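Data block below; observations after.
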């Protein structure tokens with residue numbers, strides 16, 4: 001915080017006019033320029049002005065610098081996981097020591113602290129208070145605020161609001177403040193919001209911006225996050241070869257990092273398997289899924305994917321074995337509904353020879369509408385074609401044609417990149 005700001009806030013705190021403070025020291029207009037940091041006067045003028053306000057120049061300079069350094073240290077810890085240089089209680093107690101000029105900065109940083117405690121509603125209250133005076137913030141405070149607000153909205157699952165706040169901000173401001181890592185993180189969070197609302201092409205645009213910022217500072221762990229998000233987004237616009245390229249780049253980096261988590265490798269291997277499966281590269285898919293399973297043998301997602309892929313290559317024995325294990329694991333877990341539904345349908349296909357048509361129709365009518373609702377087009381195509389063939393073989397031509405129509409419509413959506421992906 002600049003000395004002019006400190007003088008201005010202390011003058012206002014004491015209820016002194018510019019005329020009173022300037023009297024005998026400088027002109028009113030010169031004081032106004034000092035307070036707005038348009039001029040840098042001799043140190044003696046600073047001392048006289050602060051002395052008249054009951055403050056010691058040396059203490060003000062030291063305290064202001066120390067407190068702002070502490071705030072910066074706390075912010076770095078909260079946003080970049082750097083170690084704190086002092087006890088946490090010291091940072092929490094800064095509120096009672098800061099002058100008016102640092103209140104906004106403190107509130108923004110405190111909101112980030114609340115987010116780490118998962119006190120999202122309370123964090124939003126603090127940020128809403130800051131937002132009410134947004135226009136009065138300086139440029140870097142605005143940048144800090146937008147970062148914090150977006151993160152808070154993400155945890156509250158208010159993705160559209162996060163996107164709107166970001167777009168409003170970038171219409172009037174360039175990202176000229178903060179580090180490249182901070183820029184990358186803001187872009188990454190916005191890309192994540194676009195992914196959540198299924199606007200994948202916008203997700204790709206911002207994930208690429210995030211990757212560029214992270215690459216410039218060679219932040220490998222953040223690069224992995226951006227690369228994986230690009231892989232996910234390209235999967236969802238059905239450009240699986242491009243998705244595989246980004247996943248492989250992410251895997252290459254993860255394998256170089258000593259502190260990389262197995263969860264990163266698990267996710268990447270599983271996603272590589274899925275992208276390969278969607279391109280009919282079933283044996284490649286199985287190898288990737290098996291690599292994921294080595295990391296997490298009880299992962300029902302990977303087990304289910306293996307069961308489906310083995311079914312596709314006609315190895316029904318392996319498909320049944322993996323499906324049984326997936327179902328067993330899911331009994332003690334709380335999987336998303338789509339996993340349960342997909343496994344119900346796959347089980348029906350694997351054991352269809354032991355079921356009468358009434359049972360097949362019951363399973364199909366109970367589960368298939370949910371597959372349609374979730375709009376995972378490659379899964380729709382798979383089950384539509386498989387069940388369509390069974391019904392056609394048993395001369396249920398009308399219902400069979402309905403299923404083939406679902407497959408055709410889903411395939412058309414694959415070709416155009418999905419219903420919401422061209423927005």
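Readers should treat all values here as calculations from the given coordinates under stated rules, not as data from a laboratory. These numbers were taken from a predicted model, which means no experiment stands behind them. Reconstructed Cβ throughout: ideal geometry from the backbone, glycine too, with neighbour counts over all protein chains shown.
Among the candidates 184, 178, 231, which residue alone is more than 11 Å from the chain's Cα centre (by Cα) and more than 26 Å from residue 75 (Cα to Cα)?
One residue alone meets the criteria, 231.
Which ones in the range 15-43 are part of a helix (DSSP H, G or I) and within 27 Å of residue 140 (Cβ to Cβ)?
18, 30, 31, 32, 33, 34, 35, 43, listed by residue number.
Taking only pairs six or more apart or across chains, which ones have beta-carbon atoms under 7 Å, a first residue in the range 62-74 that is free of Cβ contacts under 8 Å to residues at least 40 places away in the same chain, and a second residue that is outside any helix (DSSP H, G or I) and surrounded by 17 or more Cβ atoms within 10 Å (Cβ to Cβ)?
Listed by first residue and then by second, the contacts come to 67/98.
If we keep just the residues of the range 367-384 that are farther than 17 Å from residue 340 by Cβ and either touching a helix residue (DSSP H, G or I) at 6+ places or on another chain (Cβ under 7 Å) or free of Cβ contacts under 8 Å to residues at least 40 places away in the same chain (or both), which is surrounded by the fewest Cβ atoms within 10 Å (Cβ to Cβ)?
378
Among the residues of the range 161-176, how many are in contact with a helix residue (DSSP H, G or I) (Cβ under 8 Å, 6 or more places away or on another chain) and surrounded by 13 or more Cβ atoms within 10 Å (Cβ to Cβ)?
8
From the list 373, 399, which residue is part of a helix (DSSP H, G or I), within 27 Å of the chain's Cα centre (by Cα) and farther than 20 Å from residue 277 by Cα?
Sole residue among the options that is part of a helix (DSSP H, G or I), within 27 Å of the chain's Cα centre (by Cα) and farther than 20 Å from residue 277 by Cα: 373.
Quick test of your reading of the structure: residue 71 fulfils all but one of (1) under 30 Å from residue 185 (Cα atoms); (2) not in a helix (DSSP H, G or I). Name the failing condition by number.
Only one criterion in (1) under 30 Å from residue 185 (Cα atoms); (2) not in a helix (DSSP H, G or I) is unmet by residue 71, namely (2).
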